Every structure is written in C-alpha cells, then in structure tokens.
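A.B. asks: The structure under discussion is supplied below as structure tokens; questions concerning it will follow.
The values are calculated or read from the model by the stated rules, or taken from the named source; none is laboratory data. The shown structure was predicted, so the numbers you read here are calculated from the model rather than taken from an experiment. Cβ placement follows ideal geometry from the backbone for every residue including glycine, while neighbour counts extend to all protein chains displayed.
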Amino acid sequence: MSDSHPELFDDGDRRDDRPVRTDRRRRALRIVVLIALAGMLAPLVLSAYGVARAAAERACAIYALDYSANATSSVSFDLFAEGGAGWLCFARVGPGDRGILLGNLGVMPAAPRPAAPGRDA
C-alpha cells in the first residue's frame, strides 16, 4: 500500500511543498505578539514606577525634615548614580537653593526606620 493519498490532490501527483505560512505572515505575527507582550508588561512597569516614586517621596520627606525643619524635599531617578541605580533624595532649605543630596534611596525605597528607644541616633 502506498503512503500517497491521491484524493487529497487535484491531479493526483501534484504536491505543494510551500510553507504553510509565508514570510510576510510570520513577520506580521511576530509584530502582533510583540505588541501584545508590550501591552501586558506596560501596566506592570508603570505601576511599579508609581509605587516606587510615591515611596521615595515619602521617605525623602522624612529625611529632609530630619535634616532641617523648614526643608522641602524632591526625588529624581538616576540610572547611573554613584551608589547605583535608584531614587536620589534632595533637600532644599531656601528658595534659591540647588538642593543638598541626602542620599540614594535605592530602586524600591522603604520608609526609614525610627531609632531604637534608649539609643542615640
């Protein structure tokens, strides 16, 4: 018995060896998959950024008030900071002040820990 199935072909011997998907279709499918993947990851990245920025602003405000009672705080993210990538905390005392770098809070900052009772800070 033969492995050939002539009923599947129009004229009996013609075989179509072309790929099922053309290069154009494969490229379009790859583009659609990349767009879908970016669409799924974008909300996660933006959410993590928002949470990290809010945490950095709160922690920096505490550090700035510890530095001076009338200081204002600001944060900025720097990939190539001296201590590594992270949120930099600045304290500004006067209106024309450029700001004093208080420290690098890290990529995902946490609230500062209070000093333990009975210890000097």
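A.B. asks: Among the residues of the range 64-73, is there at least one that is within 19 Å of Tyr49 (Cα to Cα) and under 18 Å from the mean Cα position of the chain (by Cα)?
C.D. replies: No, there is no match, as no residue in the range 64-73 is within 19 Å of Tyr49 (Cα to Cα) and under 18 Å from the mean Cα position of the chain (by Cα).
A.B. asks: Exactly one of (1) surrounded by 12 or more Cβ atoms within 10 Å (Cβ to Cβ); (2) assigned to a loop (DSSP other than H, G, I, E, B); (3) at pLDDT 90 or above is unmet by Asp97. Its number?
C.D. replies: Checking Asp97 against (1) surrounded by 12 or more Cβ atoms within 10 Å (Cβ to Cβ); (2) assigned to a loop (DSSP other than H, G, I, E, B); (3) at pLDDT 90 or above, the one that fails is (3).
A.B. asks: Further question on the same structure: Does Arg21 satisfy being over 30 Å from Phe90 (Cβ atoms), in contact with a Leu (Cβ under 9 Å, 6 or more places away or on another chain) and modelled with pLDDT under 95?
C.D. replies: yes
A.B. asks: In the range 29-78, what count of residues is obtained for those that are out of contact with any strand residue (DSSP E or B) (no Cβ under 9 Å at 6 or more places or on another chain) and surrounded by fewer than 13 Cβ atoms within 10 Å (Cβ to Cβ)?
C.D. replies: Of the residues in the range 29-78, 25 are out of contact with any strand residue (DSSP E or B) (no Cβ under 9 Å at 6 or more places or on another chain) and surrounded by fewer than 13 Cβ atoms within 10 Å (Cβ to Cβ).
A.B. asks: Which pairs turn up if I take residues in the range 56-79 that are basic (Lys, Arg) and look for partners that are surrounded by fewer than 14 Cβ atoms within 10 Å (Cβ to Cβ) with beta carbon separation below 9 Å, at least 6 apart in sequence or on another chain?
C.D. replies: Pairs found: Arg58/Ala111.
A.B. asks: In the set Gly12, Gly83, which member is modelled with pLDDT under 85, touching a strand residue (DSSP E or B) at 6+ places or on another chain (Cβ under 7 Å) and not hydroxyl-bearing (Ser, Thr, Tyr)?
C.D. replies: Being modelled with pLDDT under 85, touching a strand residue (DSSP E or B) at 6+ places or on another chain (Cβ under 7 Å) and not hydroxyl-bearing (Ser, Thr, Tyr) holds for just one of Gly12, Gly83, which is Gly83.
A.B. asks: So, of the residues in the range 100-121 that are more than 13 Å from Tyr63 (Cα to Cα) and at pLDDT 75 or above, which turns out to be farthest from the chain's Cα centre (by Cα)?
C.D. replies: Gly106
A.B. asks: While we're on this one: Could you grab me the full set of residues in the range 85-94 that are under 21 Å from Gly50 (Cβ atoms) and surrounded by fewer than 14 Cβ atoms within 10 Å (Cβ to Cβ)?
C.D. replies: Matches in the range 85-94: Ala85 only.
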